[in-house]
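*Asks:* I'd like to ask you about the structure that follows.
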Amino acid sequence: MSLRQRPVSAESSFTDSQKKPAKEQPLPPPPSKYPSTLFIFLGAVTLSALVFFASNLSSFGAPRASLDYVAPYALCSSESSKVYTVDAENSQTQCILVDKQYILTTGTLEEVQSHWDSLKREGPELQIRYIPAGSIVVPGLSDAHGHILEYGASRQLALEGTKNIQETVARVRNYILANPDIHSNTSTYVLGGGWDHTVWPTTRWPMAADLDSDPVLRGRPIVLQSKDCHALWVSSKAMETSLPFPDVVDGGVIFRDGSGHPNGMFLDNAQDIIVQPELTEKDLVRRFSVAVKDLISFGLTSVHDAGLNPMSLKFFARQAALNKLPIRIYGMTFFDENGEYWGNTTKPIIDAANGRLTARSVKIFADGALRTGGAALYEPYADNPTTNGVMRISSEVLHHWIPLFLRDGWQVNVHAIGDRANGIVMDVFEATLKGINISASRPRLEHAQIITQADRERLGRLGVIASVQPTHAISDMWYAQDRLGPERVKNLYAFRSLVDSGARIALGSDFPVESPNPLSGFYAAITRLSPDGTSPHGPGGWFPEERLSRQEALRGMTIDPAYASFTETTLGSLESGKRADFVIFSQDIMSIDVDQILDTKVIATVIDGSPVYGRF
């Protein structure tokens with residue numbers, strides 16, 4: 001996702017003389033059936049702001065204790081060993097003993113009671129609490145790749161599920177009419193996201209003319225993000241405020257009409273051209289509140305936010321200082337390869353706000369997305385042989401910056417989707433990681449969607465983490481073979497092959513591209529089926545040989561993302577000395593029939609020993 005945007009200029013005008021024809025560029029593949037990814041909102045910011053903030057984090061003050069005191073308690077299952085610890089042996093037990101923010105021990109009720117009595121502590125007596133019959137306890141769940149503020153923004157004008165261009169335009173019109181402040185002021189930006197051209201019957205992309213044709217929309221600055229967050233569909237007014245346009249955008253595409261004028265569709269790096277309004281504190285708080293309310297209701301206790309900039313990072317720190325950070329955030333700070341290098345001047349933020357906020361990794365984009373035809377492939381797309389995708393950053397630039405960030409102590413997380421992008425990034429990692437302690441650096445491939453067998457083997461050998469999204473697999477499976485062909489598609493979302501190569505995987509959703517509900521990812525990982533039980537390969541699943549086991553899927557959203565965020569000694573499993581982050585599910589997802597998994601409810605989400613959602 002791109003985080004670079006230009007400030008609004010009231011002096012721009014959209015005249016034919018300023019529309020610059022560009023060199024002919026191959027368009028991405030035409031839309032096909034179904035697909036996956038995000039919502040861009042971030043305003044203009046500077047690298048110096050991040051440097052200033054990181055070096056002055058203490059100016060926000062030491063955060064107050066984030067949770068009220070909780071009397072010591074043992075949480076137990078009355079039926080059998082229904083506490084899944086996710087320790088090295090994947091053991092199950094009856095109880096966990098919690099005091100304040102930490103797990104003291106696990107075991108049978110007799111064992112934890114005896115342990116507590118042996119401590120001979122003064123104060124409240126140990127409380128014994130039982131989970132409901134049929135329910136289970138698992139460690140707090142992590143989403144290894146999501147976008148918190150963007151998710152909150154996507155709920156404002158959600159365009160998911162529209163069946164065609166006309167229905168999408170109608171939804172925007174109804175939103176404007178339902179909001180008097182927007183309706184009465186035609187200069188107010190209308191921001192929305194989630195449209196998915198791959199499920200529409202038309203073979204063409206939407207254009208500014210589609211928005212301008214509606215009398216309610218005409219003359220308004222409208223910016224609509226695609227489902228995968230790799231395309232912007234904008235109105236003529238939004239283009240007018242974004243002039244001048246370059247002839248060519250490295251790593252991006254400006255769609256143009258027959259006369260060479262921009263037609264309102266901007267892909268990948270070209271999205272950065274479009275001006276969007278700066279966000280107010282009220283905007284940020286609203287988006288954050290909407291997002292966190294949903295995330296904790298799904299059982300998420302930690303999110304790896306895959307694209308922070310100085311504005312969002314400072315906002316999260318303010319929330320933490322105000323005791324308003326009810327979820328753990330592991331931030332990846334976006335790097336603009338055209339800006340200044342900041343890896344040697346900015347100090348990573350580690351375990352601020354009592355372990356609620358960390359920002360010690362950098363996020364770099366290598367290519368675009370498969371859905372919009374921007375994923376960089378070795379060979380042309382099967383459904384559009386004129387292109388093999390887009391590298392948003394050159395191999396030479398990657399070879400320059402990645403070693404510097406690793407040298408200066410930053411974890412490097414690279415967005416790579418196509419096989420060519422993944423291969424290039426693996427080349428850089430292989431050259432750079434020689435002599436480097438892999439446990440101290442823990443580099444990651446974000447998405448790692450199409451990877452050749454040779455590169456999968458390199459992934460395991462080098463110790464690079466694959467941060468993957470199972471729900472992308474069941475979204476993309478319907479069109480993937482048309483786009484890649486029958487042989488190359490076998491390398492897409494090959495999760496079992498990744499694990500068998502020795503690679504460590506961390507599971508996420510890329511919300512708001514997909515649902516942040518971790519049960520959706522768990523179900524997708526172990527079935528490779530749509531929620532209705534179907535797939536292009538039948539009820540057995542899409543390439544069923546690439547399914548994960550339930551234990552692997554649970555580890556992929558608990559201890560594995562903890563390792564991927566350097567927190568495996570404090571989070572990710574229910575063991576003595578670790579933080580008391582856990583989730584109570586209404587059903588045993590480790591044993592029930594797969595068609596019941598998505599009906600499972602979250603009874604409680606607990607962070608640092610206290611429920612942030614539900615009760616027990």
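*Asks:* Relative contact order of the chain, please, whole-number percent, based on alpha carbon pairs below 8 angstrom and at least 6 residues apart.
*Replies:* 20 percent
*Asks:* Moving on. Just order 283-296, 205-218 by mean Cβ neighbour count inside 10 Å, highest at the front, would you?
*Replies:* Highest mean packing first, the order is 283-296, 205-218.
*Asks:* Mean projection of the alpha-carbon convex hull of the chain over all orientations, in nm²?
*Replies:* 27.2 nm²
*Asks:* Using the eigenvalues of the Cα gyration tensor, what equivalent ellipsoid semi-axes result for the range 424-561 when each is taken as the square root of five times the eigenvalue, whole Å, largest first?
*Replies:* 26, 17, 12
*Asks:* Please state the equivalent ellipsoid semi-axes for the range 517-616: what are the square roots of 5 times the Cα gyration tensor eigenvalues, largest first, in whole Å?
*Replies:* Listed largest to smallest, the semi-axes of the range 517-616 are 28, 17, 9 Å.
*Asks:* Here's a follow-up. Roughly speaking, what is the centre-to-centre gap between the range 189-223 and the range 73-118 when only Cα atoms are used, to the nearest Å?
*Replies:* 54 Å
*Asks:* Here's a follow-up. Starting from the Cα-Cα distance between Tyr102 and Glu122, subtract it from 0.36 nm times their residue separation and give me the gain in nm to one decimal.
*Replies:* So the chain would gain 5.4 nm between Tyr102 and Glu122.
*Asks:* Quick one: angle between helix 395-407 and the longest Cα principal axis of the chain, in degrees between 0 and 90, rounded to 10, please.
*Replies:* In the chain, helix 395-407 runs at an angle near 30 degrees to the longest axis.
*Asks:* In addition: Viscosity 1.567 mPa s, temperature 4 °C: give me the Stokes-Einstein translational D for the range 342-495 in µm²/s, with Rh taken as the Kirkwood radius over C-alpha pairs.
*Replies:* After rounding, the answer is 80 µm²/s.
*Asks:* Lys and Arg at +1, Asp and Glu at -1: add these up for the other residues within a Cβ distance under 10 Å of Ser497 and post the number.
*Replies:* Taking every Cβ under 10 Å from that of Ser497, the sum is -1.
*Asks:* Now for a separate question. Does anyone have the angle between helix 453-462 and the longest principal axis of the chain? Alpha-carbon axes, 0 to 90°, nearest 10?
*Replies:* 50 degrees
*Asks:* Can you give me the Cα centroid spacing of the range 582-610 and the range 434-487 in angstrom?
*Replies:* 28 Å
*Asks:* Something else about it: Any idea how far apart Gln551 and Ile182 come out in nm if each label point goes 7 Å out from Cα toward Cβ?
*Replies:* Going from the Gln551 label point to the Ile182 one covers 5.0 nm.
*Asks:* Order the peptides 392-404, 329-341 from the highest to the lowest mean number of other Cβ atoms within 10 Å of their residues.
*Replies:* Top of the packing list down: 329-341, 392-404.
*Asks:* Now for a different question. What's the magnitude of the charge dipole for the chain around its Cα centre, counting Lys and Arg as +1 and Asp and Glu as -1 at the beta-carbon? Answer in Debye, nearest 20.
*Replies:* 900 debye
*Asks:* Enumerate the amide H contacts of Thr105 below 5 Å, restricted to partners 5 or more residues apart or on another chain; note that Pro and chain-start residues carry no placed amide H.
*Replies:* Leu97
*Asks:* Now a separate question. Can you give the relative contact order of the range 192-344 as a percent, counting alpha carbon pairs under 8 Å and 6+ residues apart?
*Replies:* With pairs under 8 Å counted, the relative contact order is 16 percent.
*Asks:* Going by Cα centres, the range 515-579 and the range 283-338 are how many Å apart?
*Replies:* 22 Å
*Asks:* Kirkwood hydrodynamic radius, computed over distinct alpha-carbon pairs, for the range 316-404: how many Å, to one decimal?
*Replies:* 15.8 Å
*Asks:* In what sequence, highest mean first, do 154-167, 266-279 appear when ranked by Cβ atoms within 10 angstrom?
*Replies:* In descending order of packing, they fall as 266-279, 154-167.
*Asks:* After finding the eigenvalues of the alpha carbon gyration tensor for the range 282-353, what semi-axes result from the square roots of 5 times each, listed largest first in whole Å?
*Replies:* 24, 13, 12
*Asks:* Report, to one decimal in Å, the Kirkwood hydrodynamic radius for the range 435-497 based on all distinct Cα pairs.
*Replies:* That comes to 12.8 Å for the range 435-497.
*Asks:* Counting only DSSP beta bridges with both residues in the chain, tell me the antiparallel percent, nearest 5.
*Replies:* If I count the DSSP bridges inside the chain, around 50 percent turn out antiparallel.
*Asks:* How far apart, in nanometres, would the label points at Asp482 and Lys324 be if each is projected 7 angstrom from Cα along the Cα-to-Cβ direction?
*Replies:* Label-label distance for Asp482 and Lys324, simple model: 4.6 nm.
*Asks:* Using 0.36 nm per residue, how much length does the chain from Thr386 to Ser439 gain when fully extended, once their Cα-Cα distance is taken away?
*Replies:* In short, 14.9 nm is gained.
*Asks:* I've got another one for you. Give me the three principal axis extents of the range 253-394 from the C-alpha atoms, as integers in angstrom, largest value leading.
*Replies:* Extents along the principal axes: 54, 32, 32 Å.
*Asks:* Here's a follow-up. What nm value, rounded to one decimal, do you get for the distance between Asn344 and Ser80 when each label is placed 7 Å out toward the C-beta?
*Replies:* Result: 6.0 nm between the two label points.
*Asks:* Let me ask something else. Might you list the cysteines of the chain that have no disulfide-compatible partner by the rule of another cysteine's Cβ under 4.7 Å?
*Replies:* Cys229
None of the figures in this text is laboratory data; all of them are computed from the coordinates on show. This is a predicted model, so every value here is computed, not measured. Glycine gets a Cβ as well: all are built from the backbone with ideal geometry, and neighbour counts include every protein chain shown.
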